[in-house]
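What follows draws every value from the coordinates through simple rules; no lab data is involved. What you are looking at is a predicted structure, and each value in this text was computed from that prediction instead of being measured. As a convention, Cβ positions derive from the backbone with ideal geometry for all residues, glycine included, and neighbour counts pool all protein chains shown.
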Amino acid sequence: MAIKLNLDGAYIPSFNTNLHHLSYSLKKNFNIVGSAHTLKEIKTKEIQKVKKIFLSSLFKKNMNYLGINKFKLIKKLTKKNVVALGGISKKNIKKLLLVKSSEFAGISYFE
């Protein structure tokens, strides 16, 4: 759909494992990003040739909670750009230095 609408990119959620988009001819600056919560999902995103992986949850204690240590371990296992996601707020923003993440995304920070 993103190609038909002439968009600049597409997002592939963690649960999406299909590879159909690899058979399409994409414009030069078309960016594909994806999300992951586990090493298996990261490997799937690598096969799907995403440019960035949103890895969660760094701080938000939900069913996908990683915490700082597990986040750092999983992040080391990919060469893709990793974007920190999950519970990032103005109170814990400085902790991003611990995971060496130059990028983050979230809702809590902007509320």
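Annotations for the structure displayed:
- The range 1-88: trypsin sites (Lys or Arg not before Pro) falling in loop per DSSP and having at most 15 other Cβ within 10 Å: LYS4, LYS27, LYS28, LYS49, LYS51, LYS61, LYS76, LYS79
- Between ASN69 and LEU7, the modelled label-to-label distance comes to 3.9 nm, taking each label 7 Å out from Cα in the direction of the beta carbon.
- Take the Cβ atoms of LYS27 and ILE47, set R0 to 30 Å, and the FRET efficiency comes out at 0.90.
- Amide H contacts for PHE54 (H built 1.01 Å from N in the peptide plane; partners 5 or more residues away or on another chain; cut-off under 5 Å): GLY34, SER35, ALA36, VAL83.
- Subtracting the Cα-Cα distance of THR17 and GLU111 from 0.36 nm times their residue separation leaves 30.7 nm of extension gain.
- Mean separation of Cα contacts under 8 Å (6+ apart) over length of the range 9-110, as relative contact order %: 21 percent
- Within the range 4-35, the chymotrypsin sites (Phe, Trp or Tyr not before Pro) that combine a DSSP coil assignment with at most 15 other C-beta atoms in a 10 angstrom radius are PHE15, TYR24.
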